[in-house]
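What follows is a set of notes on a single structure, which appears directly below.
The values are calculated or read from the model by the stated rules, or taken from the named source; none is laboratory data. Computed from a prediction, not measured in an experiment: that's the story for all the values here. So basically every Cβ, Gly included, is an ideal-geometry build from the backbone, and we count neighbours across all protein chains shown.
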Amino acid sequence: MPVQPHEFFILAEITEESDEIFLRNAMSRAYYAVYHECLALSDANDINLDQNSDGGEHQKLCHALQRDGKFAAIGDSLSKLRLKRVRADYHIGATIGLREARKVVCTSKNLFEQTKIAGRNV
């Protein structure tokens, strides 16, 4: 059975007892919920990713949304969250605290809802 974007948030729940690896995973999963919702938004609105531009698929999605007048703010926010996800996933020498992780998860949930609303209003 296919996974739905919102299901990534199941693995993004944080408690006071969450250790750093769990915080990092929560940040990553929250980002992926938003990423997949934004990808669906771009597909539904025929926003093409520029395959000739620099960066990976995630960066290309951010740039494509940023170039679109209706979804530029969503693209900007996704780009900022992507950097947080990269920090959580790849910069293992950096300390990730509860406050930072909670902020990323909260921001991700808000952007997820904004993206859903934007998709319905087109």
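Would you mind stating whether GLN59 is in contact (Cβ under 8 Å) with a residue 12 or more places away in the chain and touching a Lys or Arg at 6+ places or on another chain (Cβ under 9 Å)?
Details: in contact (Cβ under 8 Å) with a residue 12 or more places away in the chain: yes; touching a Lys or Arg at 6+ places or on another chain (Cβ under 9 Å): yes.
Answer is yes for this residue.
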Seminar exercise, completed: For the stretch 93-122, pairs from a residue that is modelled with pLDDT of 95 or more to a residue that is among the basic types (Lys, Arg), with Cβ under 7 Å and 6 or more apart or across chains, are ALA94/ARG87; ILE96/ARG24; VAL104/LYS84
Problem set entry | Qualifying residues in the stretch 4-56 (those that are in contact (Cβ under 8 Å) with a residue 40 or more places away in the chain and farther than 21 Å from THR107 by Cβ) - the one surrounded by the fewest Cβ atoms within 10 Å (Cβ to Cβ) | ALA44
For this session: Name the residue, out of ALA94, ALA88, ALA33, that is hydrophobic (A, V, I, L, M, F, W, C) and farther than 19 Å from LEU11 by Cβ.
Result: ALA94
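Against the definition (out of contact with any Pro (no Cβ under 8 Å at 6 or more places or on another chain), over 15 Å from GLY119 (Cβ atoms) and surrounded by 15 or more Cβ atoms within 10 Å (Cβ to Cβ)), how does LEU61 come out, yes or no? I'd like the intermediate steps shown before the answer.
Working: out of contact with any Pro (no Cβ under 8 Å at 6 or more places or on another chain): yes; over 15 Å from GLY119 (Cβ atoms): no; surrounded by 15 or more Cβ atoms within 10 Å (Cβ to Cβ): yes.
So LEU61 fails the test.
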For this session: Just need a number here: residues in the stretch 76-122 that are crowded, with 17+ Cβ neighbours inside 10 Å and part of a loop (DSSP other than H, G, I, E, B).
Result: 1
For this session: Filter the stretch 93-116 down to the residues that are touching a Leu at 6+ places or on another chain (Cβ under 8 Å) and of a type in the set (S, T, N, Q), then identify the one that is nearest to ALA40 (Cα to Cα).
Result: THR115
Exercise. Restricting to the stretch 62-75, what's the tally of residues that are part of a helix (DSSP H, G or I) and over 11 Å from the mean Cα position of the chain (by Cα)?
Worked result: 7
